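Comments concern the structure below.
The values are calculated or read from the model by the stated rules, or taken from the named source; none is laboratory data. What you see is a predicted model, and the numbers here were worked out from it, not measured in a lab. Note that each Cβ is placed from the backbone with ideal geometry, even for glycine, and that neighbours are counted across all protein chains shown. Note: areas computed on protein heavy atoms with side chains; ligands, DNA, RNA excluded. Shrake-Rupley method; radii C 1.70, N 1.55, O 1.52, S 1.80 Å.
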Amino acid sequence: MKHIIYSLVITVFSIVMVSCDHGDDEVAKKTFEFNFSFEKSKEGWESLFSDYPLEGDTFYELKYKRTKLPEPLDQNIDALMISGNNHSDDLFSAVYRKFEKLEPNTEYEVTFDIELASNTSINAVGIGGSPDIALGAGGINYKPENIIDNQDSLVSYKRPNFKSELQSGKSNEVFKVIGSVGVSEKIPTPFMLANRNNLKDPISLTTNEKGELWLMIATDSGFEGPTTLYCKSIKIQLK
């Protein structure tokens, strides 16, 4: 079973709540804005890897940490690095964070504005597929985690507890495709900074009864090789 996914202060962590005027008979819904950079910590962002064998963490070279941007970029700047080597032709990788104290059972239009570093070439050919894989942003109103598939067989797999179609380059109710990880047609490509966002195409997400959402930035690789991304900053608005 294939599920169709980065490599993410409070030096700067701001929440802005703006009331919208909907008239006297309607309760105003607040707009929430979040700005993250990573000078001092991961700021609550965690990682999730899925669609690989249960004991495959080492073989798949799965890594997630706060570190400096790679050369030739400014190595005085901190970022979130996420990396994996996709031996199965089906590796899902994501960074996610819980957001709470939102309005309960409320639909928000959510936008992401992300500055990331990648060394992936555009239009390159790779084993199993192009390394220029889709990047998605979105979320769910329950904690993203793995379930175990084929638990009674010789090889069990970690699978996400939600549906992604990013491997096919498609958006769904969980993820909006906001571009790809390719940054240059030059081969090999040095690490370069790029912006990915859905500012003109928000994704609709609904909170749970406690006013919670888990927002994610993800890839779902069909390229049978390593993908490493660095997230320098994340801006999110829920409106």
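Conditions tested, residue by residue: (1) part of a strand (DSSP E or B); (2) modelled with pLDDT under 95; (3) under 22 Å from Leu62 (Cα atoms).
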site	(1), (2), (3)
Val125	no, yes, no
Val155	no, yes, yes
Ser171	no, no, no
Val177	yes, no, no
Pro190	no, no, yes
Arg196	yes, no, no
Lys210	no, no, no
Ala218	yes, no, yes
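Reported count of residues in the range 112-133, each being open to solvent by less than 20 Å² (accessible area, probe 1.4 Å) and within 24 Å of Leu199 (Cα to Cα), is 7.
Scan the range 72-112 for residues that are within 26 Å of Asn146 (Cβ to Cβ) and of a type in the set (Asp, Glu) and jot them down. Across the range 72-112, the qualifying residues are Asp89, Asp90, Glu100.
Cβ-Cβ contacts under 8 Å between residues 6 or more apart (or on different chains), taken from a first residue in the range 114-125 that is on the phi > 0 side of the Ramachandran plot to a second residue that is part of a strand (DSSP E or B) and open to solvent by less than 10 Å² (accessible area, probe 1.4 Å), are listed as Asn123/Gly182.
Restricting attention to the range 48-107, report how many residues are buried (at least 20 other Cβ atoms within 10 Å of the Cβ), within 30 Å of Gly211 (Cα to Cα) and either within 15 Å of the chain's Cα centre (by Cα) or of a type in the set (Lys, Arg) (or both). Count: 15. Checked against the criterion of being modelled with pLDDT of 95 or more and among the acidic types (Asp, Glu), the candidates Glu185, Glu115 yield just one match: Glu115. When the range 160-214 is filtered for residues that are of a type in the set (D, E, K, R) and open to solvent by 60 Å² or more (accessible area, probe 1.4 Å), the ones remaining, listed by number, are Lys163, Lys170, Glu173, Glu185, Lys186, Lys200, Asp201, Glu209, Lys210.
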